[in-house]
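Please treat every number below as a calculation from the coordinates, not as lab data. Bear in mind the structure is a predicted one, so any value in this text is a computation, not a measurement. Because the Cβ atoms are built from the backbone with ideal geometry, glycine has one as well, and the counts that use them run over all protein chains shown.
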DNA sequence: TTGTATAGCTCCT
DNA sequence: GCTATACAA
């Protein structure tokens, strides 16, 4: 889902770029994006369990494009799902099953063209597909890493450690994780748009002047993110207003509780907010240098013991 | 003005 | 996952 409405809000700081602008550099790539797009070319085969190589070919063509422009790709795959995302996954699964039923019926009545539309809605990227692509990457000596949980946090870590110069993705969450250089909408010719974190203060549609990374992260969580749905009626602009007025999210939530009478804000909302915030800060990632599991940012002393407990399995158990 | 709900898109020629 | 669009509070 990402952060609803974040990218349109950042239009004024978008910069058109081309892969060749990054010649000689390494860019982290969200493997899921290419896996999913590649799966579209062979949705029916994948849904019916028929053997196909098309999604691998598609993926490697993207890799070749990077190499053609002198850019080194560092592919990042998703690992396990966080417990906090289980509900979303279940919802997606049942929607896919519905589409598959419709696709099969159309196929059996000879309407293969219409069936294809439904196959594309039910196609899912499986770990087996990721593994097939990984083998092709190994053969081509392309760097990759499987994140213990979410690719987003893993890519943010690679950038933070200086292992990559920027991140290619379609997911606005990356900016909330604090990434410095994110490239969106990369097309088949190598064109895309770049957003730099340092330019956030220059956004015209909303005033982020003097805003810290913490405030921007809190605004995004309040407006709804993958780890916590928003309070009904709370979008980015309203979230920005209440945070500007009340300074901290605790005070903002307290105020919203008084204003929004009734059961609109659940009793555990503030607790859930804190957990979402900690996930953006301290998600578990893999460190390719030391070959060990670490947290995205150094965990402060007062939290060190807590993050080891089951209470904190939302960071990745 | 702002948020939400819905539909259409990702492949390829 | 994204965007574009129409509609609602």
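For segment A:1-53, what number results from the quotient of the Cα radius of gyration and 2.2 N^0.38 Å?
Working: Rg = 16.7 Å, N = 53, 2.2 N^0.38 = 9.9 Å.
The reported ratio for this selection is 1.68.
For the Cα atoms of chain A, what angle does the longest principal axis make with the long axis of helix A:127-139, in degrees from 0 to 90, nearest 10? Value to nearest ten degrees: 70.
The orientation-averaged projected area of the convex hull spanned by the Cα atoms of segment A:90-150 comes to 5.9 nm². Scaled to the globular estimate 2.2 N^0.38 Å, the Cα spread of segment A:167-295, given as radius of gyration, is 1.19. Taking 0.36 nm per residue of separation and subtracting the current Cα-Cα distance, fully stretching the chain between residue A:86 and residue A:308 would add 77.8 nm. Taking the C-alpha atoms only, the angle from helix A:269-282 to the longest principal axis of chain A is near 60 degrees. When restricted to Cα atoms, segment A:22-200 yields an Rg and a Dmax of 17.4, 56 Å, respectively. Considering only alpha-carbon pairs that sit under 8 angstrom and 6 or more positions apart, the relative contact order computed for segment A:7-123 is 31 percent.
Of all the options A:301, A:250, A:271, the one that moves most in a Gaussian network model of chain A with Cα springs shorter than 10 angstrom is A:301.
When only Cα pairs below 8 angstrom with a gap of at least 6 residues are kept, segment A:66-190 shows a relative contact order of 29 percent. Which of A:94, A:207, A:172 ends up with the largest GNM mean-square fluctuation for chain A, with Cα atoms connected below 10 Å? Comparing A:94, A:207, A:172 in a Gaussian network model of chain A, the most mobile one is A:94. The label point for residue A:37 and the one for residue A:274, both projected 7 Å from the Cα toward the Cβ, are 4.1 nm apart.
Comparing A:189, A:286, A:227 in a Gaussian network model of chain A where C-alpha atoms under 10 Å apart are linked, the largest mean-square fluctuation is found at A:189.
Each listed q (0.13, 0.14 Å⁻¹) maps to a log10 I(q)/I(0) for segment A:107-256 from the Debye sum over equal C-alpha point scatterers, namely -0.82, -0.90. The Cα trace of segment A:190-247 gives Rg and Dmax of 12.7, 43 Å, the first to one decimal, the second as a whole number. Roughly what angle does helix A:236-246 make with the longest principal axis of chain A, taking Cα atoms, 0 to 90 degrees, to the nearest 10? Approximately 20 degrees, to the nearest ten.
I need the per residue convex hull volume for segment A:275-316, using only the alpha carbons, in cubic angstrom as a whole number. Could the numbers behind the result be given before it?
Values: hull volume 3.0 nm³, N = 42.
Expressed per residue, the convex hull around the Cα atoms of segment A:275-316 is 72 Å³.
Work out, in µm²/s and without decimals, the Stokes-Einstein translational diffusion coefficient of chain A at 20 °C, 1.002 mPa s, Rh from Kirkwood over C-alpha pairs. Value of D from the Cα-based Kirkwood radius: 101 µm²/s. For segment A:206-279, what is the convex hull (Cα atoms) projected area averaged across all directions, in square nanometres? Hull-based average projected area comes out at 4.6 nm².
Between segment A:300-317 and segment A:199-243, how many Å separate their Cα centres? So the separation of the two Cα centres works out to 26 Å.
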